[in-house]
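Notes follow the structure.
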Amino acid sequence: MPFDALRSSYSPAVDVGASPEKPGSNAPIGIFDSGLGGLSVLRAVRATLPDERLIYAADSLYAPYGERDDDFIADRTLAICEWLVSQGAKALVVACNTATSQSIAQTRERLAVPVIGVEPGIKPAAITSQTRVVGVLATAVTLRSARFQALAERHTADCRFILQPGHGLVQAVERCDLDSPELLGLLRSYVEPMLDANADTLVLGCTHYPFLDEAIRSIAGDRLTLVDTSVAIARQLERQLDSFGLRAVPRLDQAQAQAVELPRFYSTSDGQALRQLAASLLGLDVAVEHVVIPSRRTVGPESDPA
């Protein structure tokens, strides 16, 4: 499946403004990414669950995770998720394919809230493709992970997958570069070999990559169907909230709710890129608060990985 979800029972996180009818239901949902890519998931969650309060945490000081070692990724993922729970989060979305592939199991073992992860949309891509050739653009860490390899192996008998590490793409999105000549040249070097191999479907295997969809389409035109799983993630979150009785109690109509309950944004860096991308792509003009979240491999905002 293009997403993963906690199935076991758990105790709710600290309640923040919960209603008597549904304890914890009006507590916020925490969304975490190594940087800005999780905004694509936040966008889908807001559209699907407009009454929910959202907290978004970007570990931009240490992005991109795709170039970090596995222990560092697990260490930071757990630290950020624990911080979100300390802020009262009733459920978590790890909106980062790299963090999910390396850290989701350990994170679930340590935290007593539902944890939704993300995975590249291999299954829907295999269903969609007519040529049976599918391109997969993801970080090197995601592509080498056991979770991804097991996912791909389930469909290799029917499809040929062209795996392409997206070196440099996360950094481009993090600096809000979505259409520069340099970026387009990099994307062309990744996408054109897929087209030459007769691929008709491209899996966007990192939550940063949906923000590059227009750039990709400028290269591929209508020759590639782009598979983005952010909507599926939001729907799985919705099912989990309903399953555990944690769905927010509606207070206002959708337009009013979105105007009143704007997401809270935090970043381990200065947050300027996060604010710029939230404004330009999501239409949200909001402040981004700097936060220091120490972990075993890091101790403060100026620390290098240990």
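Evaluated against (1) at pLDDT 95 or above; (2) part of a loop (DSSP other than H, G, I, E, B); (3) surrounded by fewer than 24 Cβ atoms within 10 Å (Cβ to Cβ), residue 89 falls short on exactly one condition, (3). Filtering segment 182-216 to residues that are part of a strand (DSSP E or B) and polar (S, T, N, Q) leaves only 201.
Here residue 252 meets the list (1) of a type outside the set (Ser, Thr, Tyr); (2) at negative phi; (3) at pLDDT 90 or above; (4) not in a helix (DSSP H, G or I) almost entirely, failing just condition (3). Here residue 123 passes the criteria (1) closer than 25 Å to residue 298 by Cα; (2) assigned to a helix (DSSP H, G or I) except the one numbered (1). If we keep just the residues of segment 92-128 that are surrounded by fewer than 22 Cβ atoms within 10 Å (Cβ to Cβ) and small (Gly, Ala, Ser), which is nearest to residue 55 (Cα to Cα)? Among them, the one singled out is 112.
Scanning segment 104-142 for residues that are β-branched (Val, Ile, Thr) and free of Cβ contacts under 8 Å to residues at least 40 places away in the same chain, which turns out farthest from residue 161 (Cα to Cα)? This residue is 107.
If you check 239, 247, 275, 235 for being farther than 30 Å from residue 136 by Cα, out of contact with any Asp or Glu (no Cβ under 7 Å at 6 or more places or on another chain) and modelled with pLDDT of 90 or more, only one passes: 247. Pairs are defined by a Cβ separation below 6 Å, a sequence spacing of at least 6 or placement on different chains, a first member in segment 218-232 that is in contact (Cβ under 8 Å) with a residue 40 or more places away in the chain, and a second member that is polar (S, T, N, Q) and in a helix (DSSP H, G or I); the pairs so defined are 225/128; 230/40.
Being assigned by TED's automatic domain parsing to the domain that holds residue 31, within 20 Å of residue 138 (Cβ to Cβ) and not hydrophobic (A, V, I, L, M, F, W, C): is that true of residue 66 here? So residue 66 passes the test. Restricting 145, 101 to residues that are under 20 Å from residue 40 (Cβ atoms) and without any contact (Cβ under 8 Å) to a residue 60 or more places away in the chain narrows the list to 101. Note on segment 129-144: residues that are surrounded by fewer than 21 Cβ atoms within 10 Å (Cβ to Cβ) and either charged (D, E, K, R) or closer than 26 Å to residue 107 by Cα (or both) amount to 3. Restricting segment 176-195 to residues that are surrounded by fewer than 15 Cβ atoms within 10 Å (Cβ to Cβ) and of a type outside the set (Asp, Glu), the residue that is nearest to residue 275 (Cα to Cα) is 180.
Residue 131 falls short on exactly one of the conditions (1) outside the structural domain of residue 242 (by TED's automatic domain parsing); (2) in a loop (DSSP other than H, G, I, E, B); (3) in contact with a helix residue (DSSP H, G or I) (Cβ under 7 Å, 6 or more places away or on another chain), and that condition is (3). Would you check if there is a residue in segment 32-55 being buried (at least 19 other Cβ atoms within 10 Å of the Cβ), in contact with a Phe, Trp or Tyr (Cβ under 6 Å, 6 or more places away or on another chain) and either part of a strand (DSSP E or B) or at pLDDT below 50 (or both)? No, segment 32-55 contains no residue that is buried (at least 19 other Cβ atoms within 10 Å of the Cβ), in contact with a Phe, Trp or Tyr (Cβ under 6 Å, 6 or more places away or on another chain) and either part of a strand (DSSP E or B) or at pLDDT below 50 (or both).
The values are calculated or read from the model by the stated rules, or taken from the named source; none is laboratory data. Computed from a predicted structure; not experimentally measured. Glycine gets a Cβ as well: all are built from the backbone with ideal geometry, and neighbour counts include every protein chain shown.
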